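Bear in mind that the values in this text are calculations on the coordinates, not laboratory data. Since the structure is predicted, the reported quantities are computational estimates derived from the model, not experimental observations. Virtual Cβ from ideal backbone geometry, glycine too; neighbours counted across all protein chains shown.
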Amino acid sequence: MTERTPGFATLAVHAGAQPDPTTGARATPIYQTTSFVFDDVDHAASLFGLQAFGNIYTRIGNPTNAVLEERVAALEGGTAGLAVASGHAAQVLAFHCLMQPGDEFVASRKLYGGSINQFNHAFKNFGWNVVWADPDDLPSFERAVTPKTKAIFIESIANPGGVITDIEAVSAVARRAGVPLLVDNTLATPYLCQPFNYGADIVIHSLTKFLGGHGNSIGGMIVDGGTFNWSREGRYPMLSEPRPEYNGIVLHETFGNFAFAIACRVLSLRDIGSALSPFNAFLFLTGIETLPLRMQRHCDNANLVAAWLANHPKVAWVSYPGLPGDRYHNLAKKYVPKGAGAVFTFGLKGGYDAGVKLVSNVTLFSHLANIGDTRSLIIHPASTTHRQLSDAQKVQAGAGPDVVRLSIGIEDKDDIIADLEQALAKA
Ligand SMILES: *Cc1c(COP(=O)(O)O)cnc(C)c1O
């Protein structure tokens, strides 16, 4: 009998999980405990010395979180994962293993606003210097690389404008520079795009959005692609030099193609401490079981809503890569052929006032600052998240006075469109 490779939907339900060995529980239990009893003194010593895998303390690892890590790693086609308290924590922890004070990394300008803040402010305090590049001007990535560059960071589908990044082209720049490519795959999820197939070395997720999918928990994930050579040229000392606190072992030598995930756990998470609650891991596991069903519905609804808006007399423009004629449509066909995600922006001919009236009059849509919920969500960035910026800065950030962002849910398409129709009539 030949061994079958399970398909994506099967992995979404089963990867990493087994009936509980002591109770037979079929759903993964919530191991709501801080710590785990050692067999004896030798067992404790081997766990602390990284000579044996096992549970010590939930800041460093937990059996519920371990199922989630294995599941997301399987869906992405990576070697191992590390679940943490938020998408932002995942970014801090991953960079902590790559950067020394004074080092640089190149990042796409087209990122989630929170990541732009994190890189411009918190990261600078660690001495990690971001150099911005423009995904619409690919040579800008090459020009941004210097001898101090330690990584390149992009989003597959960028939040919020529906920008599709040419992952393969940027990964070629990373190869030539000898640095890993990190891809934030939050908006696409592995159902729509698996960045490791296009040369990514590390995948980052905010589980908070479509992977969890129900708007009920904050969490993040780092997935190791297992492809990068951390020892070449000694540029990544946390992976390629002996660790005094672990009996002098070299993580890359000992753990091979999942050394990065281990480093993020035993060096970053151990010391920075942003651990994921096992209760949240349970909610994420439950959400991920239906990821393929939800994501397809999100995309199908978004495509219909975007096409409907594009023909509405009060709408000036729609930026959705799923629409033929969109500037990213060809990249979307290559990288996200099943659908271009469910988050996009459009512009109102009536400008700022029309935006305020629209968000005030929707009834099915929720007016809030999140994406990737089962529910349809709406925000007018100029009057909320980007309020403090000048008009020129708003336009530069893709949050001009006329811009509205939608995250299309999985409700009936006719109800979603009817709500927009009645609210637009009042705008
Ligand atoms: C929300 C988001 C993040 C940050 O994730 P949190 O879980 O809120 O910390 C990072 N990247 C993208 C693309 C996001 O949408």
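Applied to the stretch 48-63, the Karplus parametrisation 6.51 cos²θ - 1.76 cosθ + 1.60 on θ = phi - 60° returns per-residue 3J(HN,Hα) values of 5, x, 6, 8, 9, 8, x, 9, 10, 7, 5, 4, 9, x, 8, x Hz, with x for Gly and Pro.
With respect to the chain, whose longest principal axis is taken over its alpha-carbon atoms, helix 291-310 is tilted by about 20°. Straight-line cross-link reach from residue 349 at under 25 Å between alpha-carbon atoms covers these lysines, not counting any fewer than eight positions away in the same chain: 110, 314, 357, 394, 413, 426. Over all directions, the projected convex hull of the C-alpha atoms in the stretch 54-118 averages 6.1 nm² in area. Taking 7 Å along the Cα-to-C-beta vector as the label spot, tell me the residue 414-residue 43 distance in nanometres, rounded to one decimal. For the pair residue 414/residue 43, the computed spacing is 6.1 nm.
Give the lysines whose C-alpha is closer than 18 Å to that of residue 148, dropping any in the same chain fewer than 8 places away, or say none. Excluding near neighbours in sequence, the set is 124. May I ask what percent, to the nearest 5, of DSSP beta bridges between residues of the stretch 152-256 are antiparallel? For the stretch 152-256, the DSSP antiparallel bridge percentage is about 55.
Among the trypsin sites (Lys or Arg not before Pro) within the stretch 361-421, those in coil by DSSP and having at most 12 neighbouring Cβ atoms inside 10 Å are 387.
Nearest 10 degrees, 0 to 90: what angle lies between the long axis of helix 278-289 and the longest principal axis of the chain (Cα atoms)? So the helix axis and the longest Cα principal axis differ by about 60 degrees.
Beta bridges assigned by DSSP with both partners in the chain are antiparallel in approximately 60 percent of cases.
Got a sec? Which residues in the stretch 85-112 would a label at residue 279 touch, if it sits 7 Å along Cα→Cβ and we count backbone N under 17 Å? Within reach of a label on residue 279, which here means backbone N under 17 Å from a point 7 Å along Cα→Cβ, the stretch 85-112 contributes 85-86.
Placing a label point 7 Å from the Cα of residue 34 along the Cα-to-Cβ direction, the residues of the stretch 54-78 with a backbone N closer than 11 Å are 58-59. Take every Cα pair under 8 Å whose residues are at least 6 apart in sequence, average their separation, divide by the length of the stretch 8-287, and the relative contact order is 23 percent.
Working from label points 7 Å from Cα in the Cα-to-Cβ sense, the residue 271 to residue 172 distance is 3.8 nm. Just so you know, the averaged projected area of the alpha carbon convex hull for the stretch 284-417 sits at 8.7 nm².
Semi-axes of the equivalent ellipsoid for the stretch 222-305, please: Cα gyration tensor eigenvalues, times 5, square-rooted, ordered largest first, whole Å.
36, 18, 10
Using Cα atoms only, what is the angle between the long axis of helix 351-361 and the major principal axis of the chain, expressed in degrees (0 to 90) to the nearest 10? The angle comes out at about 80 degrees. With the alpha-carbon atoms of the chain aligned to their principal axes, the span from lowest to highest coordinate is 72, 54, 46 Å, starting with the largest. For residue 353 and residue 27, the FRET efficiency from 1/(1 + (r/R0)^6), where r spans their Cβ atoms and R0 equals 45 Å, is about 0.35. Which whole-angstrom value gives the distance between the alpha carbon centres of the stretch 119-168 and the stretch 311-331? Rounded to whole Å, the Cα centres lie 25 Å apart. A simple count of charges around residue 302, restricted to other residues whose Cβ falls under 15 Å of its Cβ and scoring Lys, Arg +1 and Asp, Glu -1, yields -1. Seen from every direction in turn and averaged, the convex hull around the alpha carbons of the stretch 344-425 projects onto 4.9 nm².
The ranking of 149, 385 from fewest to most other beta carbons within 10 Å of each one's beta carbon is 385, 149. Which residues does the label zone of residue 333 cover in the stretch 294-325, counting backbone N under 11 Å from a point 7 Å along Cα→Cβ? Label zone hits: 324-325. If R0 equals 22 Å, the separation of the Cβ atoms of residue 310 and residue 368 corresponds to a calculated FRET efficiency of about 0.35. Shape analysis of the stretch 1-114 places it in the oblate category; the axes a ≥ b ≥ c from the Cα gyration tensor give an a/c of at least 1.5, with a/b not above b/c.
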